[in-house]
Amino acid sequence: DMKVTQMPRYLIKRMGENVLLECGQDMSHETMYWYRQDPGLGLQLIYISYDVDSNSEGDIPKGYRVSRKKREHFSLILDSAKTNQTSVYFCASSLLQGSSYEQYFGPGTRLTVL
Amino acid sequence: KTQVEQSPQSLVVRQGENCVLQCNYSVTPDNHLRWFKQDTGKGLVSLTVLVDQKDKTSNGRYSATLDKDAKHSTLHITATLLDDTATYICVVGDRGSALGRLHFGAGTQLIVIP
């Protein structure tokens, strides 16, 4: 069963603290993503990783950085978290199926920055 | 500017009734369109993908249509169940490769009551 895992599921941090969100997948997918989801908005792409150490900015990369040292792990790092980074963060990985890429999503991490 | 608009924002139906969710978009090019189901506090799960200029798919009680000329898609849910309570998200992919971007709607919140 294809699976994307995220840790932690819930996190509360104070403004200015560092945050590390972890994502893992057991499908050997090359491409992985980090998104954030805010009420009333569609998911917004933060970063894409095409493979180990091959990362590209998404639509809202400011305030975030990523790390991918192994194909199965993709980390999202917030250096000095801000209150407007309170959100639900989703990791996904993708596989080409037919003529479209199938994306598999993790369960999300709910981050609150106080 | 939002490129994927979903309607209605929310919908309440009685168990056993049918419902129709709408998705209009302005994404160009529009390689494919996918409908996801998101249970509360969970990740997104793919229901169906549409790729052809005028396409129809069926997956159990879920059926979907796509008209690329009108840039419009519908998701039909037949004989709703309480477990259908979720947010349904329309996503348009602008390419059939990992280099493409996904454009997410904000979702329709469906509530099924007994």
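The values are calculated or read from the model by the stated rules, or taken from the named source; none is laboratory data. Note that this is a predicted model, so its numbers are computed, not measured. Counting neighbours? That spans all protein chains shown, and the Cβs are built from the backbone with ideal geometry, glycine included.
Below is a table of values for the structure above.
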read-out	value
Residue check, residue B:83 closer than 11 Å to residue B:30 by Cβ and either modelled with pLDDT of 95 or more or in contact with a Lys or Arg (Cβ under 6 Å, 6 or more places away or on another chain) (or both)	no
Residues located in region A:4-28, provided they are over 9 Å from residue A:91 (Cβ atoms), modelled with pLDDT of 95 or more and of a type in the set (A, V, I, L, M, F, W, C)	A:7, A:11, A:12, A:15, A:19, A:20
Hits in region B:8-67 (condition: away from chain A (no Cβ under 14 Å), in contact (Cβ under 8 Å) with a residue 12 or more places away in the chain and part of a loop (DSSP other than H, G, I, E, B))	B:15, B:16, B:17, B:18, B:28, B:61
Odd one out for residue B:106, checked against (1) in a loop (DSSP other than H, G, I, E, B); (2) away from every other protein chain (no Cβ under 14 Å); (3) under 12 Å from the mean Cα position of the chain (by Cα)	(2)
Residue list for region A:20-31, restricted to those being closer than 30 Å to residue B:109 by Cα and either more than 10 Å from chain B (Cβ to nearest Cβ) or assigned to a loop (DSSP other than H, G, I, E, B) (or both)	A:21, A:22, A:23, A:24, A:25
Number of the condition not met by residue B:34 [criteria: (1) among the charged types (D, E, K, R); (2) surrounded by fewer than 21 Cβ atoms within 10 Å (Cβ to Cβ); (3) touching a Ser or Thr at 6+ places or on another chain (Cβ under 8 Å)]	(2)
Residue check for residue A:10: within 12 Å of chain B (Cβ to nearest Cβ), surrounded by fewer than 16 Cβ atoms within 10 Å (Cβ to Cβ) and at negative phi	yes
Tally of residues being in a loop (DSSP other than H, G, I, E, B), surrounded by 18 or more Cβ atoms within 10 Å (Cβ to Cβ) and modelled with pLDDT of 95 or more across region A:33-71	1
Condition met for residue A:80 (part of a strand (DSSP E or B) and not β-branched (Val, Ile, Thr))	no
Check on residue A:66, within 10 Å of the chain's Cα centre (by Cα), β-branched (Val, Ile, Thr) and under 19 Å from residue A:8 (Cα atoms)	yes
